[in-house]
Amino acid sequence: MAVREILPDIYWIGAIDWDRRLFDALIPLPEGTSYNAYLVKGSEKTALIDTVDPSKEFEYVCNLVKAGIESVDYIIVNHAEQDHSGSLPMAAELFPRAQIVVSEKCRDLVQSLLEIPPERCLVVKDRDTISLGNKTLEFIMAPWVHWPETMLTYLQEDHVLFSCDLFGSHRATSDLFVDDIREIYHSAKRYYAEIMMPFRSNIRDHLAILTSCDIRIIAPSHGPLYQPPDPILAAYRDWISDEVKNEVVIIYVSMHGSTEKMVNHFAGALMERNVSVRIFNLAVSDIGEIAMSLVDAATIVIGTPTMLFGPHPLAANAAYITNLIRPKTKFAAVIGSYGWGGNTVETLKGMLSRLNAEMLDPVYVKGIPDQACLRELETMADTIVRKHREIAVSSQQAG
Ligand code: FEO
């Protein structure tokens, strides 16, 4: 692979995974990803910051050899998830005198997940520092971006924030830095939606804390680095804000066409009322794209037929994931049709319990949608227009 100089004595020594197409056996990676790891050489001591996914261990070792590293004093583990810590056991063995620098929770996780003996670990607390001689590493506890043990490492003299998963993007690229935020915006937003969105309020707190640092480079654990950091910080401030767009995301599945007919009629009614619409047929849609569309949509509508006694499994899965990623969506509704009974609407409502959204009256009909059903959908569109206007007005008043 390659050793890339970021600044004098600061190097990228990670691995690019051009072929990976799935993360956590769930998240599609249409653009691959990278596992960024870093090397910081101080005048007296040397530190590694994170390692790489175990599948790329050989490339990581090659980079260490290429960088001429014969001894290491510290291995910083910002996050225990294996895409960054999976090669830690190998690195710990390769550099037996290195101390493994972790948060307290991370010490427990690297012990249970990677069998790292606790006595190898140096536990740091929020704002603790370690001197490498002419360089100082400062640790900023940042729980829940992405796990509870996560911390960030700030290199004070060079103003580099090693932000771990925060500000990452799943993109395999040979570009070390982002030249133009527009090139990476889609990937970064998708990553935010899939990984970071459930922790919106935590991120808000972390961003406030980071204002105390004079950050000039953000070096995340996935995707390219940001210099200057302002564009990605601005994007995050937008995504985590409470502002929503006049947009409805409709995710649906249809078995025999009734729900699809309802979706199409409803979408048309919304468009005629100047509401933006994104439609995802769950039979063919990428869940990452759906997650991304939910970052700033005001309303989500799930369309599903009743399958035996409840929602179609694809709709149930989508509702479950939506509940997990917790978009800031203000309103939610269920539409669809049933043949003989079931409790689809109540089941889906229960599955969306973590959403801080007002549930609108459903439009759920027996059999094929008749004229009365289509009028009900138009009424729902009217309701949505009114609700969206109300939140726009209250947002303006608050602003
Ligand atoms: Fe990239 Fe949470 O690991």
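The values are calculated or read from the model by the stated rules, or taken from the named source; none is laboratory data. Since the structure is predicted, the reported quantities are computational estimates derived from the model, not experimental observations. Positions of Cβ are backbone-derived with ideal geometry, glycine not excepted, and every protein chain shown enters the neighbour counts. For the accessible areas, the whole protein counts, side chains as well, though only heavy atoms, and no ligand, DNA or RNA atoms are used. Shrake-Rupley method; radii C 1.70, N 1.55, O 1.52, S 1.80 Å.
Values as computed for the structure displayed
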{"read-out": "Contour excess over end-to-end distance, with Cα ends at Ser395 and His159 and 0.36 nm allotted per residue", "value": "81.4 nm"}
{"read-out": "Whole-number percent relative contact order across region 4-240, with pairs defined as alpha carbons under 8 Å at least 6 apart", "value": "17"}
{"read-out": "Probe 1.4 Å - accessible area at Met255, Å² to nearest ten", "value": "80"}
{"read-out": "Length gained when the stretch Glu272-Glu346 is fully extended (0.36 nm per residue, less Cα-Cα span)", "value": "23.7 nm"}
{"read-out": "Modelled FRET efficiency - R0 35 Å, Glu183 with Phe309, Cβ distances, 0.05 increments", "value": "0.15"}
{"read-out": "Mean Cα-pair separation over length for region 239-335, i.e. relative contact order, pairs under 8 Å, 6 or more apart, %", "value": "38"}
{"read-out": "The chain: calculated mean residue ellipticity at 222 nm from DSSP helix runs of at least 4, using -39500 (n - 2.57)", "value": "-10500 deg cm²/dmol"}
{"read-out": "FRET efficiency, 1/(1 + (r/R0)^6) with R0 22 Å, evaluated for Asp128 and Glu44 via beta carbons", "value": "0.75"}
{"read-out": "Projected label distance in nm at Arg21 and Arg375, using a 7 Å step from Cα toward the beta-carbon", "value": "4.9"}
{"read-out": "Eligible lysines near Lys349 by straight Cα distance, threshold 20 Å, same-chain separation 8 or greater", "value": "Lys328, Lys330, Lys366, Lys387"}
{"read-out": "Along the chain, longest interval not containing exposed GluC sites (Glu not before Pro), exposed being DSSP loop plus at most 15 other Cβ atoms within 10 Å", "value": "244-399"}
{"read-out": "Cα-centred dipole magnitude for region 248-388, charges only on beta-carbon of K, R (+1) and D, E (-1), debye, nearest 20", "value": "300"}
{"read-out": "Accessible area of region 296-399 divided out per residue, in Å², using a probe of 1.4 angstrom", "value": "48"}
{"read-out": "Other-chain or far-sequence residues with amide H under 5 Å of Ala297's (modelled H)", "value": "Lys245"}
{"read-out": "Debye, to nearest 20: dipole size of the chain, +1 on Lys, Arg Cβ, -1 on Asp, Glu Cβ", "value": "940"}
{"read-out": "Over the chain, relative contact order from alpha-carbon pairs under 8 Å, at least 6 apart, %", "value": "11"}
{"read-out": "DSSP beta bridges in the chain [antiparallel fraction, %, rounded to 5]", "value": "45"}
{"read-out": "Lysine-lysine proximity count for region 4-240, Cα under 22 Å, sequence distance 8 or more or distinct chains", "value": "8"}
{"read-out": "Region 50-93-region 100-156 distance, computed between alpha-carbon centres (Å)", "value": "15"}
{"read-out": "Percent carbon-and-sulfur accessible area, region 4-240, ignoring ligands, DNA and RNA, probe 1.4 Å", "value": "49"}
{"read-out": "Computed FRET value (nearest 0.05) for Glu104 with Ala283, which takes r as the C-beta separation and R₀ as 45 Å", "value": "0.50"}
{"read-out": "Lys189 accessible area, 1.4 Å probe, all protein chains in place, Å² to nearest 10", "value": "30"}
{"read-out": "Chymotrypsin sites (Phe, Trp or Tyr not before Pro) within region 266-346, DSSP loop, no more than 14 other Cβ atoms inside 10 Å", "value": "Phe309, Trp340"}
{"read-out": "Under the Karplus curve 6.51 cos²θ - 1.76 cosθ + 1.60, θ = phi - 60°, whole-Hz ³J(HN,Hα) for region 185-195, x wherever Gly or Pro sits", "value": "3, 4, 5, 5, 5, 4, 5, 4, 4, 6, 10"}
{"read-out": "Residues listed by number, region 1-18, amide nitrogen under 13 Å from Cys62 label point at 7 Å toward C-beta", "value": "1-3, 14-18"}
{"read-out": "Estimated vicinal HN-Hα couplings, Hz - region 53-64 in sequence order (Karplus 6.51, -1.76, 1.60; Gly, Pro = x)", "value": "4, x, 5, 10, 4, 4, 5, 5, 4, 4, 5, 4"}
{"read-out": "Accessible area per residue in Å² at 1.4 Å probe, computed on region 4-240", "value": "39"}
{"read-out": "Exposure ranking of Tyr11, Tyr226 by accessible area [1.4 Å probe, largest first]", "value": "Tyr11, Tyr226"}
